[in-house]
């Protein structure tokens, strides 16, 4: 049985949000920086004095950053840089025949736009998750956008600016939502023709449903990492799981957004009841209880009762969660059977929150079922593969007849002639 259509989903999906983002993107394409500033004033409640964040503001933010936060960021950077370097592919050459080589050359994207949400939480950790793999890949041009905040005079949140400064990202824009992504895709100029932001080749980073919709709309004009919209967690748990752990993890992701999805998949009714009791208890001490409760009560969140762990695996693969935790008697074996998930967190002491900050993995992951065809952000997203083909005259002569034969078979004789003109002399 295919469970894709049967699992909990939000009432509003990316396709519905496209109608709202198309005119915003079209306006930015037509009017450039003014349209970006107008949209910021409308949606964020503030109009920055300029789109690009001054260098002094970045330096000040880092200088005033809490030393404990800086230390935590530096450790997060260290761990992610280590895994990114391990994942980085290298160019290689195949000798397909004497005098005939095909090189797979790894080329970094030349310019990328990184998106960091503001909204309900200043996601300074997302600066790290976007920037570190781009830097490891060797991207020469890195720009970053985050929504302007009225509380901070139209600048992005100071902690986001501090993280940018820590990583040496100096091209930062006070722009959020679909307008920021359109600015990256099309570029943006002021009314006097001054170019404020040049177009990028790739846009990465998470956001709300409208950011995910803008990515879908702009894909083709630029490349995207994946449609990383409102967060979601699924937990496969059996009777051996600790209900307090499960409840805490469900709450942790519901804290992000009223549209966040928290799904428990279990074959144990007694565990389901115990998790419900824990949720009620822990909600009493949760800082963002109203937001969490809205997310947990929404159609995107639920407890799914299954016959056994085998069916739980099938349901999880059908759901294709952004984050999937496995808390079962044999967590590693169960996790090995998962083929659709943005990231898998194995065992009772590997919560999603670890991956959000300091596991060494990346927290920019596909949502809304896109994990069945898309991957989480990694250094590979910031690289392209190019084939570089080099043949000597003798190598071409040895294979030339085959090329001519196949060209004739496809009724493309001029293809063959391009070889024959070289080999018939």
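Numbers at a glance
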quantity: Condition check for residue 170: without any contact (Cβ under 8 Å) to a residue 40 or more places away in the chain and either surrounded by fewer than 18 Cβ atoms within 10 Å (Cβ to Cβ) or within 15 Å of the chain's Cα centre (by Cα) (or both); calculated: no
quantity: Within segment 201-317, helices (runs of 4 or more DSSP H) holding 2 or more residues that are assigned by TED's automatic domain parsing to the domain that holds residue 345 and over 25 Å from residue 349 (Cα atoms); calculated: 289-297
quantity: Of all residues making up segment 24-64, the number that are part of a helix (DSSP H, G or I) and either over 17 Å from residue 182 (Cα atoms) or outside the structural domain of residue 143 (by TED's automatic domain parsing) (or both); calculated: 9
quantity: Some residue of segment 255-268 being in contact with a strand residue (DSSP E or B) (Cβ under 8 Å, 6 or more places away or on another chain) and over 13 Å from residue 303 (Cβ atoms); calculated: yes
quantity: Answer residue from segment 329-383, given it is assigned by TED's automatic domain parsing to the domain that holds residue 246 and part of a strand (DSSP E or B) and is surrounded by the fewest Cβ atoms within 10 Å (Cβ to Cβ) among those; calculated: 346
quantity: Odd one out for residue 343, checked against (1) within 22 Å of residue 300 (Cβ to Cβ); (2) over 13 Å from the mean Cα position of the chain (by Cα); (3) at pLDDT 95 or above; calculated: (2)
quantity: Failed criterion for residue 219 (all others in (1) in contact with a strand residue (DSSP E or B) (Cβ under 7 Å, 6 or more places away or on another chain); (2) within 20 Å of residue 26 (Cα to Cα); (3) surrounded by fewer than 24 Cβ atoms within 10 Å (Cβ to Cβ) hold); calculated: (1)
quantity: Subset of segment 343-359 [within 20 Å of residue 115 (Cα to Cα) and touching a residue at least 40 places away in the same chain (Cβ under 8 Å)]; calculated: 356, 357, 358
quantity: Residue list for segment 200-229, restricted to those being touching a helix residue (DSSP H, G or I) at 6+ places or on another chain (Cβ under 6 Å) and within 17 Å of residue 142 (Cα to Cα); calculated: 200, 203, 204, 205, 222, 224, 225
quantity: Number of the condition not met by residue 6 [criteria: (1) loosely packed, with under 15 Cβ neighbours inside 10 Å; (2) free of Cβ contacts under 8 Å to residues at least 40 places away in the same chain]; calculated: (2)
quantity: Condition met for residue 400 (touching a helix residue (DSSP H, G or I) at 6+ places or on another chain (Cβ under 9 Å) and either free of Cβ contacts under 8 Å to residues at least 60 places away in the same chain or in a loop (DSSP other than H, G, I, E, B) (or both)); calculated: yes
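The values are calculated or read from the model by the stated rules, or taken from the named source; none is laboratory data. Source: prediction; values computed, not measured. Methodologically, a virtual Cβ is constructed for each residue, glycine included, from the backbone with ideal geometry; neighbour enumeration extends over all protein chains shown.
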